[in-house]
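Visitor: For reference, the structure I am asking about is given below.
Derivation of every value follows stated rules applied to the coordinates shown; laboratory data play no part. Computed from a prediction, not measured in an experiment: that's the story for all the values here. Please note: Cβ atoms are built from the backbone with ideal geometry, for glycine as well, and neighbour counts cover all protein chains shown.
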Amino acid sequence: MDKKYDISGKVLENSKVMENFWLIKLECPEIARIIVPGQFVMLRLTEQTDPLFRRPLTVSRIYKEEGVIDILYKVVGQGTEIMTTWEPGHTCSILGPLGNGFTLPASAKNIAVLGRDTGIGPLAALIDQAAAKGVGVYAFLSSKYTELLHSFSFLEGKGELLFYPDNGAWRCGPFMTKELERVAGKIKLDQIYMGGLCDFCPSCSLIKNIHHLAHRQGINAQISLDQYMACGLGACQGCVVELYQGQDQKSRCYKRVCKEGPVFLSWEVVSNG
Ligand SMILES: Cc1cc2nc3c(=O)[nH]c(=O)nc-3n(C[C@H](O)[C@H](O)[C@H](O)COP(=O)(O)OP(=O)(O)OC[C@H]3O[C@@H](n4cnc5c(N)ncnc54)[C@H](O)[C@@H]3O)c2cc1C
Ligand code: FES
């Protein structure tokens, strides 16, 4: 069984990146040592009973030696609002690492990653990992907010980074599909990764296009799903989603995003048709 820790983590930094996007740096050595890109942690927000449930957040940078992780978070409600009040030195209970994470095949030479807003966070950790292994990275990173994209400039030099500030005119980013097709026409990609492209909807044309492109190229596309979670441990069944079972998509099955996910193959999620 994969090792999990429920430990007290210390806030080292917690700063506003822009508007309602924040970056928190947490000291949690046991978790930092073993967490992989695409995995997440559940943070307890208060010692009181409200809010009761921990909140799931994905690691955006991993500093194994220092025992530290970064998380990029968007303030959307009570829990993430509470997080913004945490000063350096504050301690909170952290459960993790949770979920499966992205897989980087040992033979991979070139990968493409596509993400938007907080979905770029998990991809940043993946880009770090791929670059450290000498894997070529083509990163398509989009946001309505130019400053948010600037906050990822630490990734410069780790691959070909293509930033798409779109001023809110996103509409499933057809320009991203076009660019990805251009790159795939020149370079043999070994895998494609997607994080937070939309508030996931199976009808998203971008996710469909990427899935079809991966299918044509005979490669896998991995997609990280977002879902409401209560336990994060596979016990409550609260995060179950209906997926395709088998690449022929003849039958359906149910999987827990917190346990069997949050990373799934695109054919599990998106129709081949
Ligand atoms: C595996 C996983 C990893 C995640 N990683 C990150 C991350 O790295 N950074 C980040 O900013 N967010 C991430 N999220 C989303 C994050 O967990 C939610 O935004 C957070 O729980 C909201 O808590 P809250 O108390 O502030 O808002 P709530 O008061 O709980 O909700 C406020 C609003 O957000 C919506 N919402 C809450 N949770 C979700 C959810 N899981 N999916 C879609 N909508 C939701 C609610 O419908 C409501 O409209 C992740 C979610 C999952 C499942
Ligand atoms: S959140 Fe409880 S099973 Fe996934």
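Visitor: Is there a pair in LYS16/LYS144; LYS109/LYS144; LYS64/LYS133; LYS25/LYS144 whose C-alpha atoms are over 22 Å apart, and which pairs would that be? Provide the component values of the computation, followed by the final result.
Guide: Details: LYS16/LYS144 17 Å; LYS109/LYS144 31 Å; LYS64/LYS133 16 Å; LYS25/LYS144 24 Å.
Cα-Cα > 22 Å for LYS109/LYS144; LYS25/LYS144; rest within.
Visitor: Which distance in nm do the two modelled labels at TYR164 and ALA235 give, with both placed 7 Å along the Cα-to-Cβ direction?
Guide: 4.1
Visitor: Ordered by residue, what ³J(HN,Hα) values in Hz, to whole numbers, does the range 105-112 give under the Karplus form 6.51 cos²θ - 1.76 cosθ + 1.60, where θ = phi - 60° and Gly and Pro are x?
Guide: Taking θ as phi minus 60°, the curve returns x, 4, 8, 5, 10, 9, 10, 10 Hz for the range 105-112.
Visitor: Given the options SER107, SER143, SER205, state which has the largest fluctuation in a GNM of the chain using a 10 Å cut-off (strictly under) for Cα springs.
Guide: Looking only at SER107, SER143, SER205, the biggest GNM fluctuation is shown by SER107.
Visitor: Rounded to the nearest whole Å³, what is the per residue volume of the convex hull around the Cα atoms of the range 5-98? It would help to have the intermediate numbers written out before the result.
Guide: Working: hull volume 8.0 nm³, N = 94.
It is 85 Å³ per residue.
Visitor: Which of ALA132, ALA112, ALA184 moves most in a GNM of the chain, Cα contacts under 10 Å?
Guide: ALA132
Visitor: How high is the FRET efficiency between LYS250 and LYS3 when r is their beta carbon distance and R₀ equals 30 Å, given to the nearest 0.05?
Guide: Values: r = 36 Å, r/R0 = 1.22.
That gives a FRET efficiency of 0.25.
Visitor: Next up: Who wins for biggest fluctuation among PHE175, PHE140, PHE40 in a Gaussian network model of the chain, springs between alpha carbons below 10 Å?
Guide: Between PHE175, PHE140, PHE40, it is PHE175 that shows the largest mean-square fluctuation.
Visitor: Work through the residues other than ILE94 whose Cβ is under 12 Å from its Cβ and net out their charges, Lys, Arg +1 and Asp, Glu -1. Walk me through the intermediate numbers first.
Guide: Numbers: positive: LYS4, LYS10, ARG44, ARG54, ARG55; negative: ASP6, GLU27, GLU30.
Cβ neighbours under 12 Å give a net charge of +2.
Visitor: If one puts a single equal scatterer on every Cα of the chain and applies the Debye formula without solvent, what log₁₀ I(q)/I(0) results at q = 0.07, 0.13, 0.15 Å⁻¹?
Guide: -0.23, -0.85, -1.15
Visitor: Follow-up. I need the phi-derived Karplus couplings for the range 25-31: 6.51 cos²θ - 1.76 cosθ + 1.60, θ = phi - 60°, integer Hz, Gly and Pro marked x.
Guide: Computed from phi, the couplings for the range 25-31 are 10, 10, 8, 7, x, 4, 6 Hz.
Visitor: Lys and Arg at +1, Asp and Glu at -1: add these up for the other residues within a Cβ distance under 10 Å of LYS144 and post the number. Write down the numbers at each step before the final one.
Guide: Values: positive: ARG116; negative: GLU19, ASP117, ASP166.
Here the count lands on -2.
Visitor: Still on this structure, please answer the following. Sorted by average packing, counted as other Cβ atoms within 10 angstrom per residue and highest first, what order do 239-249, 60-70 take?
Guide: Numbers: 239-249: 15.4, 60-70: 18.0.
Order by mean packing, descending: 60-70, 239-249.
Visitor: Grab the other residues whose beta carbon is less than 15 angstrom from that of GLU179, score K and R as +1, D and E as -1, and report the net. Present the calculation step by step, with values, prior to reporting the outcome.
Guide: Details: positive: ARG116, LYS178, ARG182, LYS186; negative: GLU160, ASP166, GLU181.
Overall, the nearby charge balance is +1.
Visitor: What does the helix-only formula give at 222 nm for the chain: each DSSP H stretch with n ≥ 4 adding -39500 (n - 2.57), the total divided by the residues, and the result rounded to the nearest 500 deg cm²/dmol?
Guide: On the way: 7 runs with 60 residues, N = 273.
It comes out at -6000 deg cm²/dmol, rounded to the nearest 500.
Visitor: Which of THR85, THR103 has the fewest other C-beta atoms within 10 Å, and how do the rest follow up to the most?
Guide: On the way: THR85 9, THR103 17.
Result, fewest neighbours first: THR85, THR103.
Visitor: Treating the beta-carbon of each Lys and Arg as +1 and of each Asp and Glu as -1, no other charges, what is the dipole magnitude of the range 110-225 about its Cα centre, to the nearest 20 debye?
Guide: Values: 11 positive and 10 negative charges, 78 e Å.
My answer is approximately 380 debye.
Visitor: Here's a follow-up. Dipole magnitude of the chain about its Cα centre, charges +1 at Lys/Arg Cβ and -1 at Asp/Glu Cβ only, in debye to the nearest 20? Write out the running numbers ahead of the final one.
Guide: Numbers: 29 positive and 28 negative charges, 160 e Å.
That gives the chain a dipole magnitude of about 780 debye.
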